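The values are calculated or read from the model by the stated rules, or taken from the named source; none is laboratory data. Since we're looking at a predicted model, the values are computed, not measured. Here the Cβ positions follow ideal geometry from the backbone for every residue, glycine too, while neighbour counts run over all protein chains shown. To get the accessible areas, we keep the full protein, side chains included, count just its heavy atoms, and leave off ligands, DNA and RNA. Shrake-Rupley method; radii C 1.70, N 1.55, O 1.52, S 1.80 Å.
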Amino acid sequence: MTKPSEYMEAFFGVELNQKFEDMINELKDVEESLKDLSQDIGKLGGNLSPEDFKGLVKECRAISYENAQQIKDVRTFLDFYLKSDKTSTHIILERDAYMKIYQIFKWDGSDVRDLKRWIKELRELCDKIGLNVRDLINFKKLTANPVPEELVKFPVYAFDKQGYCLTGSTYDVVMHIDEVREKMADNNSS
């Protein structure tokens, strides 16, 4: 039996905006490939009469070229739709942002660099749709180890199992816990 959390992970496991961009690029590659195929078919030979061979080649070329044109039409439509429909694009980006938040809150604490990368990706999404990362992330709610209160003041937002901490005003600095404590001691002695 599938658990509700598995449905959530499946739903949020795809970044739709990136998926649409990838699909457009894939369609363009298929389009070029089919056009090349059309040219290659024109070079093939066989045991057909010259008239049948010419007819078959002509038919195959027409089919492959028609398919390439259809794919081109789909690519053009998707490319236009994603760039012109601000509401749909906004909804997709907003959904991707919340998917990224879900990923951040499910962080297992093994490597703080993963968390740093995800927050950077979230910031990029938020910049596109006018959200503020600080409004969306509550580091006290992470599923990994809670940060000791004395380190929160540095500020340390999260730390991993190897003792590396996520710090910095934009959550983009990784320091070992020993370095953090040294800096805190230096700041207190000043």
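Close amide-amide hydrogen proximity is noted between Trp107 and Thr143, each under 5 Å apart and 5 or more residues distant or on a separate chain (H modeled in the peptide plane; Pro and chain starts excluded).
As a test of the formula, what do you get for the chain when each DSSP H run with n ≥ 4 contributes -39,500 (n - 2.57) and the sum is divided by the residue count, at 222 nm and rounded to the nearest 500 deg cm²/dmol? So the calculated ellipticity at 222 nm is -22500 deg cm²/dmol.
For the pair Arg61 and Ile129, a Förster radius of 45 Å applied to the C-beta separation gives a FRET efficiency near 0.50, rounded to the nearest 0.05. Applying 0.36 nm per residue to the separation of Asp172 and Gln18 and subtracting their alpha-carbon distance, the gain on full extension is 53.2 nm.
Exceedance of the 19 Å cut-off in Cα-Cα distance is limited, within the set Lys19/Lys141; Lys100/Lys140; Lys106/Lys161; Lys153/Lys183; Lys19/Lys106; Lys141/Lys161, to Lys19/Lys141; Lys19/Lys106.
Here's how it looks for His176: its modeled amide H is under 5 Å from those of Cys165, which are all 5 or more places away or on a different chain.
Of the whole protein surface, Glu32 contributes about 90 Å² of accessible area at a 1.4 Å probe radius. With respect to the chain, whose longest principal axis is taken over its alpha-carbon atoms, helix 16-41 is tilted by about 30°. Across the stretch 62-73, rounded Karplus estimates of 3J(HN,Hα) from the backbone phi angles (6.51 cos²θ - 1.76 cosθ + 1.60, θ = phi - 60°) give 5, 5, 5, 5, 4, 4, 4, 5, 5, 5, 4, 4 Hz, Gly and Pro being marked x. Taking all protein chains together and a 1.4 Å probe, the residues Leu166, Leu48 rank Leu48, Leu166 from largest to smallest accessible area. Amide H contacts for Ala158 (H built 1.01 Å from N in the peptide plane; partners 5 or more residues away or on another chain; cut-off under 5 Å): Leu166.
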